[in-house]
Amino acid sequence: MNKPMNKPVNKPMNKRAPVNLRSLLFDGLADAAGCLAGALLGLGMGQLMGLDLPAGSFSNSSLIGIALIVAGASFGVRLARHWRGRFRSAAVAPAHPDAGGKG
């Protein structure tokens, strides 16, 4: 008695999860806005402290001004990601504590 041969099933090897483009666009724009706002805040703080950033040389005041801009930009991105996380958790959380579905 002959057994039928099992044919191999053609499945894609790399199956990707669906991508939500709006979510990715929102993430990128939030990061960019946070970076820009933080960098401008760092630049303003440097100017208030009397640091001359566009001096054209690598003096101590110029390097400290650049460090303030970089620190402000990284703080802005961190703040934007924190805000984004709170925004998403507020959208997922129930509106009232009693509406959690406890019985």
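No value in this document is a laboratory result; all are computed from the given coordinates. Nothing here was measured: the structure is a model prediction, and the numbers come from that model. Methodologically, a virtual Cβ is constructed for each residue, glycine included, from the backbone with ideal geometry; neighbour enumeration extends over all protein chains shown.
See the values below:
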| quantity | calculated |
| --- | --- |
| Residue list for region 14-55, given a label point 7 angstrom along the Cα-to-Cβ vector of residue 63 and an amide N cut-off under 20 Å | 43, 46-47, 49-55 |
| Residues with amide H under 5 Å from that of residue 51, placed H, sequence gap 5 or more | none |
| Extension gain (nm, one decimal) between residue 33 and residue 81, 0.36 nm per residue minus Cα-Cα | 16.2 nm |
| Packing-based ranking, highest mean first, of 23-34, 69-80 given that Cβ atoms within 10 Å are counted | 69-80, 23-34 |
